[in-house]
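The values are calculated or read from the model by the stated rules, or taken from the named source; none is laboratory data. Remember, it's a predicted structure, so these values are computed and weren't measured experimentally. Glycine gets a Cβ as well: all are built from the backbone with ideal geometry, and neighbour counts include every protein chain shown.
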Amino acid sequence: MLIKKYKLLLIPLFCLITGCITYYYYYYYYENKNDQPAQIIETNEDIDLVETESEVIIKYCTVDIKGAVNQPGVYQVAEDSRVIDVIKKAGGLTKNADTYYLNLSKKVHDEMVIIVYTKIDITNYKKMLKQNADLVKELKTNTKNDAIVEVEPNLSNNNQTTLLNINTATLEQLMTLPGIGESKAKEIINYREINNGFKSIDEIKAVNGIGDSTFAKIKDYITI
């Protein structure tokens, strides 16, 4: 009888303990967990947006390089590239390359043609032509080279070896001489037409506007 009485007391006691444990778990664990600050989760859309805004778009152009380079061919380069960049992409210059008449700093453009001449190419052209300015014109028109220099090399260059024939030179060619502008070049042409050409380079001092000082500047660059 006494044992049955204690059993009846244990059942409510067990229920009470179980309830306390359940309440403690629910209040201190579950409720406190919900009080944690909410985490900010970036969506894929936000990430994609940032990546799109920071993306750098590079435009390319196609260039054809020929001649004295190690790997001639057609290359795609960034549109802000220079001729020298294309040469490097084509494996660099060969030993017999001559870039004197090329503008290596020129910006490339789509469908551009770059011809790197050999020293033999330049020598052969010089054999056919008397004036350096004529050589540049020949290279521009006959080789279809987009990288050719726009202006004839300065005749005051110490490496200049060709001489300008003052009996046959054009107005533009005469204007490449040091100290010779358009008016003096016209005077030279008028003088040679009237006098059937110059008999010596010293005779150019007889041209109006050309004295000893001007002659001293140009004497090493002219011939007849």
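In the range 65-95, the residue that is farthest from residue 111 (Cα to Cα) out of those that are in contact (Cβ under 8 Å) with a residue 40 or more places away in the chain and assigned to a strand (DSSP E or B) is 69. Only one entry of 129, 139 meets the criterion of being modelled with pLDDT under 65, touching a helix residue (DSSP H, G or I) at 6+ places or on another chain (Cβ under 8 Å) and of a type outside the set (Lys, Arg), and that entry is 129.
Scanning the range 204-214 for residues that are surrounded by 17 or more Cβ atoms within 10 Å (Cβ to Cβ) and assigned to a helix (DSSP H, G or I) yields 204, 214. When residue 182 is tested against (1) modelled with pLDDT of 70 or more; (2) in the same structural domain as residue 84 (by TED's automatic domain parsing); (3) among the charged types (D, E, K, R), only condition (2) is not met. If I ask for residues that are at pLDDT below 60 and either surrounded by 10 or more Cβ atoms within 10 Å (Cβ to Cβ) or in a loop (DSSP other than H, G, I, E, B) (or both), which ones from the range 47-61 would you list? Across the range 47-61, the qualifying residues are 47, 48, 49, 50. Residue count for the range 67-82 satisfying the condition of being surrounded by 13 or more Cβ atoms within 10 Å (Cβ to Cβ) and of a type in the set (A, V, I, L, M): 3. Can you name the residue in the range 84-117 that is at pLDDT 90 or above and among the polar types (S, T, N, Q) and, of all such residues, is nearest to the chain's Cα centre (by Cα)? In this case the residue turns out to be 94.
Can you go through 64, 110, 85 and tell me which one is exposed (fewer than 13 other Cβ atoms within 10 Å of the Cβ), more than 29 Å from residue 224 (Cα to Cα) and not assigned by TED's automatic domain parsing to the domain that holds residue 168? Just a single option satisfies the conditions, and that option is 110.
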